Amino acid sequence: MAKCEHCGFPHAIPGYCSNCGSSDPLPSRKLLRLAVIVFGLIILAALGSVPVSLYFKRHAATRDYPAASPVPSPAENR
């Protein structure tokens, strides 16, 4: 059973304790939820950075590739 962290009542429900009237009898759940959200955002940021870094690596590789020499015109071939 969920126990109120303010008065110790063993039958508290999230959002209300019928013994002491606390509107937040289970604050540790809020901290857990916040930790999950923060961890999820860190994971999303890490997963989002992989395609961006690959894009910049590809862009640098094509930028640094030597340009092809221009094709001579027929008049210059003579």
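The values are calculated or read from the model by the stated rules, or taken from the named source; none is laboratory data. Every value quoted in this text rests on a predicted model; they were computed, and no experiment measured them. Quick reminder, even Gly has a Cβ in these numbers, built from the backbone with ideal geometry, and neighbours come from all protein chains shown. For accessibility, only protein heavy atoms count, side chains too; no ligands or nucleic acids. Shrake-Rupley method; radii C 1.70, N 1.55, O 1.52, S 1.80 Å.
Cβ-Cβ distances below 9 Å connect no pair with a first residue in segment 13-39 that is farther than 14 Å from A2 by Cα, a second residue that is assigned to a helix (DSSP H, G or I) and open to solvent by 100 Å² or more (accessible area, probe 1.4 Å), and a separation of six or more residues or different chains.
Only one of the numbered conditions (1) loosely packed, with under 10 Cβ neighbours inside 10 Å; (2) modelled with pLDDT under 85 is not met by A60, and that is (1).
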